[in-house]
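The structure appears right after this line, and notes come after that.
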């Protein structure tokens, strides 16, 4: 991750792409449960909102808690790296769950056609 701004852009992009796929599938695939697909879109927006909120946090120590500025900066960097790693990991896990839910809503014929297209 380059910075918080880039992370937020990536979250926006990923959630937007997922929601778009749900909307397109709901409109174009015959036999799909549009109500359940709409529920997934709502869950995607909730994921986006909570993930963006979690991008902003504060290191809970001050420079006075450390022997020098170098130790403070090292601890702060480690804290930020761990927090962002955890955020990204949890975001990816939730995206995987949403993708699984999206795929289970597809009719069997469409799922097989998608597998064939992916194997080409």
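Roughly what angle does helix 4-28 make with the longest principal axis of the chain, taking Cα atoms, 0 to 90 degrees, to the nearest 10?
The two axes meet at around 10 degrees.
Please find the FRET efficiency linking residue 94 to residue 120, where r is the Cβ-Cβ separation and R0 is fixed at 22 Å, and quote it to the nearest 0.05.
Calculated transfer efficiency: 0.15.
For the stretch 1-106, count all C-alpha to C-alpha pairs, find those more than 25 Å apart, and express that count as a whole percent of the total.
37 percent
Coordinate-derived values only; no laboratory data. Treat the numbers as computed from the prediction; the structure is a model and nothing was measured. Ideal geometry is used to build each Cβ from the backbone, glycine not excepted, and the neighbour counts take in all protein chains shown.
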